[in-house]
Structure formats: structure tokens, C-alpha cells
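Quick notes on the structure that follows.
The values are calculated or read from the model by the stated rules, or taken from the named source; none is laboratory data. Only a predicted model underlies this, so the values are computations on that prediction, with no experimental measurement involved. Counting neighbours? That spans all protein chains shown, and the Cβs are built from the backbone with ideal geometry, glycine included. To get the accessible areas, we keep the full protein, side chains included, count just its heavy atoms, and leave off ligands, DNA and RNA. Shrake-Rupley method; radii C 1.70, N 1.55, O 1.52, S 1.80 Å.
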Amino acid sequence: MSANAPAAPAKEKPKSKKMMIIIIVVVALLVVAGGAAAWLLSSRSHPKDEEVEEPVAAKESAKTPPTFLPIENMVVNLADPGGERFAQIGITLEVADAKTADLVKQYMPSIRSGILMLVSQRTSEELLQREGKEKLARDIHREVSKPLGFTVPIPKKRTPGDSEDEEADDRAARIRAEKNPVKRVLFSNFIIQ
């Protein structure tokens, strides 16, 4: 019997190797099947990219990236009592395309002068607040758009007594503003001393 005892463990090694390979293959198949099932379920719950309609504005903005036009930093005395406070402001304009950027550059001396006038009328207290900076950005947007023949509507507070003509005028102003090739005014630098 001692001769038979060593032969039995030798036969178990090939069976255990086969069993291990079968287990690995079954586990691998389960992982692949689980991944495929998850993919199928997720693709059914989300519509395909072809079926999703993007808003028109998103499609247009994807076609042409915006053009940014930096304006040289400006140092301006503020309207604080005593005239001791000043602001250093860096502005970058977001425009529709390079053609608009070239057009804005042609008017840059008058645009810079208008911006300097706007900023010099503000106080440091006003410009230190977010609302003051946002109002200044809107005013600068209006100033930059003037030479190009576009207007930027002044936001009005609506009252219950407003007439239909006033509402129609507001809608027309918003439509003109949407066509304005000067999209936004961005501050790249804003220091008050």
C-alpha cells in the first residue's frame, strides 16, 4: 500500500488545476456578463447622443469659440472725497469673433476714454461691493457697444402698472442686445487703493 499512497496525490493535482481553471473561467464570464448587463441597462435609461437635441445657443457656441480682447490696464482716480483713492482695472472683452475684435480695436481710444470717465465717477465704497462691480461691467458693456451701433438695455424694475408698449420696447431692446457682438465684460484685474 505504500506504493499506492504516493500515486493518489499525483492524480489530485491535475484535477485541482482543472478545477481552478474552470472556476477562473466561470468568474471571468460572470464579470463580463455583469458588465454587459450594466452597459445595456445604462444605455436604455439614457437616450443616445443622436436623439438629444441641444439648445441652439449651445450649438452655435460650440461652432466658434469666443474671442477675448484684453484692454490695457487703467489707473483711475475715484470720486471719493479728497481724491486720494484710485483704482487699477484690467478689462477683457469677450466678443463674437476676430472681426469684431478688430472693429473694437479701431474705436479703442474713444472706448478707453469712455471707460475712464465711467470709473472716475464711482466711489471706492461703491466699487468694493459686488453689485458696484457688476453695474460698472454693464456700463462698460454699454460704452463699448456704442461705437459699434449696439445698445445694452438698462435693467428696469417691473411694476404692475407698466404698459404693453413699455414691455414691447423692453423685448425689442433685449433682442438687439442678443445680437450685440460684444458678449461680456470681464475684469482681469481690480485693485482699489
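Could you list, in sequence order, all residues of segment 175-193 that are in a helix (DSSP H, G or I) and either modelled with pLDDT of 90 or more or over 21 Å from the mean Cα position of the chain (by Cα) (or both)?
Ile175, Arg176
Those residues that are open to solvent by 60 Å² or more (accessible area, probe 1.4 Å) and either without any contact (Cβ under 8 Å) to a residue 24 or more places away in the chain or β-branched (Val, Ile, Thr) (or both), I need them from segment 100-124; list them, please.
Asp102, Gln106, Pro109, Met117 - these are the residues of segment 100-124 that are open to solvent by 60 Å² or more (accessible area, probe 1.4 Å) and either without any contact (Cβ under 8 Å) to a residue 24 or more places away in the chain or β-branched (Val, Ile, Thr) (or both).
Looking only at segment 44-91, which residues are of a type in the set (S, T, N, Q), modelled with pLDDT of 65 or more and open to solvent by 50 Å² or more (accessible area, probe 1.4 Å)?
Across segment 44-91, the qualifying residues are Thr64, Asn73, Asn77, Gln88.
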